[in-house]
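A quick write-up on the structure given underneath.
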Amino acid sequence: MPPRHTTPVPGLRSGATAPRRRWWILGVLSTAQLMVVLDGTIMNIALPSAQADLGFPDGRRQWVVTSYALAFGSLLLLGGRVADLFGRRATFLVGLAGFAGTSALAGMADGFGMLVGARAGQGLSSALLAPAALSLVGITFTDAKERATAFGVWGAAAGAGGAVGMPLGGVLTEYLSWRWAMYMNTLAAVLAFAAGILLLAPAPRSRTSRLDVPGTVLVGSGLFCLVYGFAAAENHPWSSVATWGFLAAAAALLVAFTWWQTRAAHPLLPLHIVLDRDRGASLIALFQASSAVFGTFLFATYYLQHSLGYGPAATGLAYLPMIGGLIGTSPLATNVLLPRFGPKTVIAAGAASAAGGLALLATLGLDSTYATAVLPALVLTGAGLGTIITATTSLATLGVAAADSGVASATVNAMQYVGGSIGVALLNTVSTTTTASYLADHDTPGALTRAHAALAGYHAAFRWLAAAFVVCLFVAVPLYRRRGAARQVNRAAERSTEAA
């Protein structure tokens, strides 16, 4: 019997064989991705208990969430380029170590300042480890079929993290303490760090590129203003300088960043990365899908708990079929559908499925039953989101030169997180405005009126999310190449990896 053929894999320790070890690496990297996505949502539901425990006022509570978002969103591209320049393994491990330590500090916080500082540290650490992890997935799996499976698992981890974040936070808070929402991050990061030390080996780093300092300052400041502006919209009117002033500054800074990238000797984000048709379409679709992920879980959680009276634990169980839809469609999209039908058909089908599920969510009432009304809507939405997120993440990171894989992965993460932040801010405004209008039109006092007003706000948010996927069908989908785009990008990725 001939010996089994094995191929070396970038980032594997010497002597490790590709078929045997690369899947363990994928498990470590997916755990890190799950942890980052989960942390972005888990604190929301634990925040009221943290506020009561530490005794800070309502006017300051938003900073517990915003400090994380600002650090993570504004430093993602820098984190991606750091991974390219100083090594993906080292950047990934430093990010994990920092995340473990700052999560422990957040759990031990004895005051508002310590909690906010620790949350900002978590965001900084996430900005290092998230693009490094995604880049490692891309360079570890170069075979087209294995790569499709790997990104299916990666997409499922991202979707599951967004799905279980708030329900898990509720269970931990209800039965243990809000601090355990942070300690769980520490435990997961320590385990992932230990596994990374054992499995990952130092890989060659770029010795020709240099850090683009002006570009780093421009894009970091621009993303900071963008995230801060939309975060401020949740507490200030759109006419407030705290909202539109920061958004205008963000637009100016990001335009200046784009201009500078055409002239920099070593650009932070080479524009050819985002100007490729398939990659650009994938980033647009991923931006919209990420908005839907965060928005759906937020308002569906409100609906289940406030309208139907579910507790945190029951809400978590209610999401299990949706998580199943996300996990089930992720490998199907990349292994079967994308190679056979191409991105146009697959992304369009995912957008149609998600839009249909969200349209169903917009019809739910105060007396809707779970099995006949809520369940079909959640499964349909989950299947669509799983299809889009996995396929677009795979396409957006394929065909990139090895020297740029870190910053390309950071761009994907930035689209996901900024898309989610913007989506939640806009949807929150739509929901609260609709609720206020309903109460103004129905001046009958009572709990039932308030319940119907809140439900009207949830319905408005779901309708806007459904409309976003209709826009995706007419904006992102037409940009994809018509024939064999997935195969072409796979071959390009293999050639660039071999050349590296």
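The values are calculated or read from the model by the stated rules, or taken from the named source; none is laboratory data. Being a predicted model, the structure only gives us computed values, none of them experimental. Glycine also receives a Cβ, built like all others from the backbone with ideal geometry; neighbour counts cover every protein chain displayed. Note: accessible area is taken over every heavy atom of the protein model, side chains too, but ligands, DNA and RNA are not part of it. Shrake-Rupley method; radii C 1.70, N 1.55, O 1.52, S 1.80 Å.
Below are the figures for this structure:
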quantity	calculated
Counted residues, segment 1-57 - those being in contact with a strand residue (DSSP E or B) (Cβ under 8 Å, 6 or more places away or on another chain) and modelled with pLDDT under 50	4
Inter-residue pairs, beta-carbon under 6 Å, first assigned to a helix (DSSP H, G or I) and in segment 129-153, second modelled with pLDDT of 70 or more and of a type in the set (D, E, K, R), 6+ apart	Ala132/Arg88; Ser135/Arg88; Leu136/Arg88; Thr140/Arg22
Number of the condition not met by Ile323 [criteria: (1) at pLDDT below 75; (2) among the β-branched types (Val, Ile, Thr); (3) within 19 Å of the chain's Cα centre (by Cα)]	(1)
Output for segment 297-316, where each listed residue is more than 23 Å from the chain's Cα centre (by Cα) and among the polar types (S, T, N, Q)	Gln305, Ser307
Residue identified as open to solvent by less than 20 Å² (accessible area, probe 1.4 Å) and either in a helix (DSSP H, G or I) or of a type in the set (Asp, Glu) (or both) among Pro343, Pro331	Pro343
Within segment 308-320, considering residues that are surrounded by fewer than 19 Cβ atoms within 10 Å (Cβ to Cβ) and in contact with a Gly (Cβ under 8 Å, 6 or more places away or on another chain), the one modelled with the lowest pLDDT	Ala313
Residue selected from segment 82-115 under the condition open to solvent by 30 Å² or more (accessible area, probe 1.4 Å) and among the β-branched types (Val, Ile, Thr), by the criterion nearest to Leu38 (Cα to Cα)	Val94
Qualifying residue in segment 367-381 (condition: assigned to a helix (DSSP H, G or I), in contact (Cβ under 8 Å) with a residue 12 or more places away in the chain, open to solvent by less than 10 Å² (accessible area, probe 1.4 Å) and under 20 Å from Gly420 (Cβ atoms))	yes
Test result for Ala251, within 23 Å of the chain's Cα centre (by Cα) and outside any loop (DSSP other than H, G, I, E, B)	yes
Selection count, segment 258-303, where residues are hydrophobic (A, V, I, L, M, F, W, C), at pLDDT 80 or above and open to solvent by 10 Å² or more (accessible area, probe 1.4 Å)	5
Selection from segment 305-340 of residues that are touching a residue at least 24 places away in the same chain (Cβ under 8 Å) and of a type in the set (Val, Ile, Thr)	Thr315, Ile323, Ile327, Thr329, Thr334
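Here's the yes/no breakdown for (1) over 18 Å from Gly357 (Cα atoms); (2) surrounded by 15 or more Cβ atoms within 10 Å (Cβ to Cβ):
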residue	(1), (2)
Thr435	yes, yes
Ala440	yes, no
Ala453	yes, yes
Trp464	no, yes
Ala468	no, yes
